[in-house]
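Right, one structure below, let's go through it.
The values are calculated or read from the model by the stated rules, or taken from the named source; none is laboratory data. Fair warning: this is a prediction, and the values are worked out from it, not measured in the lab. A quick note on method: Cβ atoms are made from the backbone with ideal geometry, for glycine too, and the neighbour counts reach across all protein chains shown. All accessible areas refer to the heavy atoms of the entire protein, side chains included, with ligands and DNA or RNA removed. Shrake-Rupley method; radii C 1.70, N 1.55, O 1.52, S 1.80 Å.
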Amino acid sequence: MSKKTPLHDWHVQANAQMGVFGGYAMPLWYPAGVKHEHLSVLLSAGLFDTSHMSSVSVSGADALDLLQWCFSKDLAAGTGPRGAPLAPGRSVYGVFLDPRGHLVDDAIVFRLAPTDFLVAVNAGMGATIARHLAVNAGGREVRILDLTDRLGKIDIQGPQAAGVLGRDFPGLLASPGL
């Protein structure tokens with residue numbers, strides 16, 4: 001039996017063609033059709049239920065230091081167009097590596113506040129990444145919490161995504177760090 005995201009019932013009511021992905025019942029396409037949805041994202045913007053992805057909270061005085069140690073991107077420099085540190089409200093894509101340099105998982109690290117981060121990883125990888133961070137935490141002052149199946153998440157992508165967000169959430173794109 002597959003798991004359900006918080007938006008599952010909405011997808012079913014919207015007549016989505018459902019399938020199983022990563023152990024979750026997920027929408028594959030809607031009545032408008034795959035071609036229409038694909039072109040919408042390429043030319044405008046589209047929403048995606050990404051609640052099946054795992055999330056890990058990393059917070060505390062040494063959260064940045066731990067992520068610097070475990071994540072492939074330098075969060076203190078080089079994440080923005082001018083090599084600026086990762087600012088609250090911003091995110092960056094990279095990977096977690098094991099001590100031998102092998103890939104554990106790719107991830108997006110969001111900086112929510114100076115000492116609070118949210119890490120989005122692939123479905124089923126929350127416990128693995130939380131454990132990886134805990135093993136590498138050493139004596140650092142950090143709290144690591146696997147939030148798998150406790151959050152709903154929607155992503156928007158496409159060339160008009162920022163415009164849609166700006167229209168529907170006035171002031172969001174003018175927030176510090178965005």
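Sort 53-64, 158-169, 105-116 by the packing proxy (mean of other Cβ within 10 Å over each peptide's residues), most packed first. All intermediate terms of the calculation are to be shown ahead of the outcome.
Numbers: 53-64: 20.9, 158-169: 13.4, 105-116: 17.2.
Sorting 53-64, 158-169, 105-116 by mean packing, highest first, produces 53-64, 105-116, 158-169.
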Given labels modelled 7 Å from the Cα in the Cβ direction, how far is it in nm from His102 to Leu151?
2.8
Gained length - Arg131 relative to Gln13, 0.36 nm times residue gap less alpha-carbon distance:
38.7 nm
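Within the range 107-178, what whole-number % of the accessible surface is contributed by carbon and sulfur, with the 1.4 Å probe and all protein chains included in the calculation? Mind dumping the intermediate values first?
Details: 2420 of 4140 Å².
Exposed carbon and sulfur together represent 59 percent of the surface.
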How far, in degrees from 0 to 90, does helix 34-43 lean away from the longest principal axis of the Cα atoms of the chain, to the nearest 10?
50
Using a simple spin-label model with points 7 Å from Cα along the Cα→Cβ vector, what separation in nm is obtained for Phe21 and Leu43?
2.2
Candidates for log10 I(q)/I(0) by the Debye sum over Cα atoms at q = 0.13, 0.17 Å⁻¹ are (1) -0.62, -1.10; (2) -0.77, -1.18; (3) -0.76, -1.00, and the calculated one carries label (2)
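With n ≥ 4 as the cut-off for DSSP H runs, can you work out [θ] at 222 nm for the chain, using -39500 (n - 2.57) per run divided by the number of residues, rounded to the nearest 500?
Working: 5 runs with 44 residues, N = 178.
After summing the helix terms and dividing by residue count, I get -7000 deg cm²/dmol.
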